[in-house]
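Working notes, structure below.
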Amino acid sequence: DAAVEAQARFTSVQSLTTPSTPGAKLIQGATVEFSQSVLQIGSQPSRSGVAMVTAWRQLALHGEPRDLKSLISTELSTLATQIPETSAAAEIKSTEGACMVAALAIAGARDQYPARQDASAERERLSLYAGPVLETMGDRVGAELLDWLSNLTGQAALSLSQQSATQAPLVRVETGVSLSATRAAYELYGDANRAAEIVDRNRVPTPAIMP
């Protein structure tokens, strides 16, 4: 049913991201509680809701932000295509969507953005996914959850806007010769450790000899 699907979706995301060392036990504990609460949703529905919120919160706080943003975006797109068959399933879907948007907001605020365009793009992604969830959840969940999510996404958007305003813009640089990613990072930034950033942004298949 909807609760089992929600728990399975969370477990899928949780299994594909790398938690920080201090947060691994917190995520694991929340995951176990979420799983167990789903088995008793008929007799203790509030327990399952609390467990879902707690699990996504712990994952957002302690998981690897970049992995989480990609994985959650994919799951939110999938969730948006599903049509609940009952009012109870619709309520679970709304709660799950709220939890995932909250996790996306937290992960987005935690991540680092080397260029102005990166922060702006993340703010746009948050708006893209948060808007539909906020519009549809109003009639299905309580005002407290709706206000909480609205405030959280608003704060995350503000944080991303501030990062966008303070970061340098991304510019195009061309060289007349082939360089290694390490050499290019040193020449551009004075920091050879940013080589991976250049490789990732330019999708370079051969970091040792960049065309």
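The values are calculated or read from the model by the stated rules, or taken from the named source; none is laboratory data. Worth saying up front: this structure is predicted, and the values here are computed from it rather than measured. For neighbour counting, all protein chains shown are included, and Cβ atoms are generated from backbone atoms with ideal geometry for every residue, glycine included. With ligands, DNA and RNA removed, areas are computed over all heavy atoms of the protein, side chains included. Shrake-Rupley method; radii C 1.70, N 1.55, O 1.52, S 1.80 Å.
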Qualifying positions in the range 97-113 - open to solvent by 10 Å² or more (accessible area, probe 1.4 Å) and among the hydrophobic types (A, V, I, L, M, F, W, C): Ile106, Ala109
Lone unmet requirement of (1) open to solvent by 70 Å² or more (accessible area, probe 1.4 Å); (2) modelled with pLDDT of 90 or more; (3) out of contact with any Leu (no Cβ under 6 Å at 6 or more places or on another chain) for Gly154: (1)
Counted residues, the range 92-123 - those being part of a helix (DSSP H, G or I), of a type in the set (D, E, K, R) and farther than 17 Å from Glu75 by Cα: 4
Residues that are open to solvent by less than 40 Å² (accessible area, probe 1.4 Å) and of a type in the set (Ser, Thr, Tyr), drawn from the range 22-63: Thr31, Ser37, Ser48
Residue in the range 34-52 that is under 17 Å from Ser15 (Cβ atoms), touching a residue at least 40 places away in the same chain (Cβ under 8 Å) and within 18 Å of the chain's Cα centre (by Cα) present: yes
Among residues of the range 64-96, those that are open to solvent by less than 40 Å² (accessible area, probe 1.4 Å) and over 30 Å from Gly23 (Cα atoms), counted: 2
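Residue by residue, here is whether (1) surrounded by fewer than 13 Cβ atoms within 10 Å (Cβ to Cβ); (2) in contact with a helix residue (DSSP H, G or I) (Cβ under 7 Å, 6 or more places away or on another chain); (3) modelled with pLDDT of 80 or more holds:
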residue	(1), (2), (3)
Glu135	yes, no, yes
Gln162	yes, no, yes
Val171	yes, no, no
Ser178	yes, no, no
Ala185	no, yes, no
Gly190	yes, no, no
Ile198	no, yes, no
Pro205	yes, no, no
Residue among Ile41, Ile72 that alone is aliphatic (A, V, I, L, M) and part of a loop (DSSP other than H, G, I, E, B): Ile41
